[in-house]
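Below: the structure, in structure tokens.
The values are calculated or read from the model by the stated rules, or taken from the named source; none is laboratory data. From a predicted model like this one, the values you see are computed outputs, not experimental measurements. Glycine also receives a Cβ, built like all others from the backbone with ideal geometry; neighbour counts cover every protein chain displayed.
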Amino acid sequence: MESFYALALIAGILVAFVLLVLIATYCNSFKTEIPPDVDQPSKLRLYGCIYNLMEILAKNLESLGIIEEHILIRLIADGMPTCRDSKLLIKDLHFGEVPVRIYLPKVPSATKRRGVIFFHGGCGMFGSIRSHERVCRSIARKSDSVVVSVGYHLSPEHKYPAQTLDCLTATEQFLKTAENYGVDPDRIIVCGDSAGGTYTASVCQELVNRRDIPKIRAQVLICPFLQALNFNLPSYQKNAFIAFLSRERVVRFILKYLNKDGSMKEAVLAGSHVPESMNLKYRKWINPDLIPEIFKLGYKPPLPTSFLSQVHEETKELFETRLSPLLAEDAVVCHLPDTCIITCEHDVLRDDGLLYKKRLEDNNVKVTWYHMEEGFHCALEFFGYGIFSFPSSRKMVNHTVNFIKSY
């Protein structure tokens, strides 16, 4: 009888737990905004609700000491495994201590192929070679390129800036050994989405003055995160509650990525981590006035906030160019390679891409820009799933492939 009561108690606790998660998800779904002109809004709303459920479940399981939140989200972010590919030879290797997966077209080439180094997104805590397997295979096949997908080590197990350093190590190794894979070392392109776009921009900046290795030919930034100075730009206001990557999630994930106290989130969102001297210094590069008027409909300048020196001291990494490539000096930016930037209208990070585009153009760097009117952040991660994917997912890959093929 005691066993029966114990089982009944456990069952009751589980039911109550599930109900609490469902109620929290239901309430949270009202905060999520799905614009009517976004790509397949009904499907996005469904996926957004599922993600909210998983996130709330992960938080509750972490609070109970069962599993850490980021571990569960990683399982979801990795997606479904893929089948064999008859057109590609796929190798798992290590460049130094960094895992990489190389996709080589099987059809012989009369000349050396171009190479593509790919950094996956995921806030530096999620995502993997597997999560972007379909994207990298498609790029390799459609552009007839050798693609190197970099499995950089993730935070919080590997503290920042381990992720950028891993990407830098893998890039250096491939630039030095490209010919071993049938690649022309003068035709290597670096590509990444979201945080992968951050690492792409950072790696290109760090290598501009290197003379001992071939120069990177071009870079592709897909919905990149490029600055942690201002979280009140027009795109942050417009898409504050958008599915998958809301304004609040951006800062929460950044603080977790850097192993910082999450209680500083509201102060960082308000801009209290930035001293006035720094705001004045960087307003020439990060300023709503630099955003084209067509992208500022409904924008309202935020109310002034007081500077909190303690928060600033705790979050100084936010101003490093490895995390905020938009803060790099002109002396670096002017030497960057040809660039492709893909932005999405329904993305809090849209204006990061627009501001970097302007900076590059002001420094006479050739820029190709694709703007996805119906696109949203994380659309690329749904590529290759048939009816479960989005048209914008395919368009992103096609834009990327078309740019790569021009080199």
Might you let me know whether the range 74-88 holds any residue that is acidic (Asp, Glu) and under 15 Å from Val401 (Cβ atoms)? no
Scanning the range 145-161 residue by residue, those more than 17 Å from Thr171 (Cβ to Cβ) and touching a residue at least 60 places away in the same chain (Cβ under 8 Å) turn out to be Leu154, Ser155, Pro156, Lys159, Tyr160
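Restrict the check to the range 251-261 and report whether at least one residue is outside any helix (DSSP H, G or I), of a type in the set (Asp, Glu) and surrounded by fewer than 20 Cβ atoms within 10 Å (Cβ to Cβ).
Initially, the range 251-261 is screened for residues outside any helix (DSSP H, G or I), giving 258-261.
Now narrow it down to the ones that are of a type in the set (Asp, Glu): 261.
If we keep only those that are surrounded by fewer than 20 Cβ atoms within 10 Å (Cβ to Cβ) too, we end up with 261.
The answer is yes; a qualifying residue exists.
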Among the residues of the range 264-271, is any assigned to a loop (DSSP other than H, G, I, E, B) and either more than 18 Å from the chain's Cα centre (by Cα) or in the same structural domain as Cys49 (by TED's automatic domain parsing) (or both)? yes
Lys215 passes all but one of the listed conditions (1) part of a strand (DSSP E or B); (2) surrounded by fewer than 20 Cβ atoms within 10 Å (Cβ to Cβ); the exception is number (1)
Would you please name the residue that is modelled with the lowest pLDDT, looking only at residues in the range 262-298 that are among the aliphatic types (A, V, I, L, M) and loosely packed, with under 13 Cβ neighbours inside 10 Å? Leu297
Filter the range 319-356 down to residues that are of a type in the set (S, T, N, Q) and outside any loop (DSSP other than H, G, I, E, B) and give me whichever is surrounded by the fewest Cβ atoms within 10 Å (Cβ to Cβ). Thr339
Filter the range 117-135 for residues that are buried (at least 24 other Cβ atoms within 10 Å of the Cβ) and assigned to a helix (DSSP H, G or I); which is nearest to the chain's Cα centre (by Cα)? His132
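Restricting attention to the range 136-154, which residues are in a loop (DSSP other than H, G, I, E, B) and small (Gly, Ala, Ser)?
Filtering the range 136-154 down to residues in a loop (DSSP other than H, G, I, E, B) leaves 144-145, 151-154.
Scanning the range 136-154 gives Ser145, Gly151.
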When the residues of the range 73-110 are narrowed to those that are of a type in the set (D, E, K, R), free of Cβ contacts under 8 Å to residues at least 24 places away in the same chain and part of a loop (DSSP other than H, G, I, E, B), which ends up surrounded by the most Cβ atoms within 10 Å (Cβ to Cβ)? Lys106
Might you let me know whether the range 300-314 holds any residue that is assigned to a loop (DSSP other than H, G, I, E, B), within 27 Å of Gly192 (Cα to Cα) and touching a residue at least 12 places away in the same chain (Cβ under 8 Å)? no
Determine which member of the set Leu207, Leu221 is crowded, with 20+ Cβ neighbours inside 10 Å, touching a Gly at 6+ places or on another chain (Cβ under 9 Å) and under 26 Å from Thr339 (Cβ atoms). Leu221
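Residues are listed down the side, and each one gets a yes or a no for (1) touching a Phe, Trp or Tyr at 6+ places or on another chain (Cβ under 6 Å); (2) among the hydrophobic types (A, V, I, L, M, F, W, C); (3) over 21 Å from Ile254 (Cβ atoms):
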position: Gly298; (1), (2), (3): no, no, yes
position: Thr305; (1), (2), (3): no, no, no
position: Val311; (1), (2), (3): no, yes, no
position: Thr315; (1), (2), (3): no, no, no
position: Arg322; (1), (2), (3): no, no, no
position: Cys334; (1), (2), (3): no, yes, yes
position: Ile342; (1), (2), (3): yes, yes, yes
position: Val348; (1), (2), (3): yes, yes, no
Of the criteria (1) farther than 21 Å from Cys223 by Cα; (2) over 22 Å from the mean Cα position of the chain (by Cα); (3) not in a loop (DSSP other than H, G, I, E, B), which one Asp289 fails: (1)
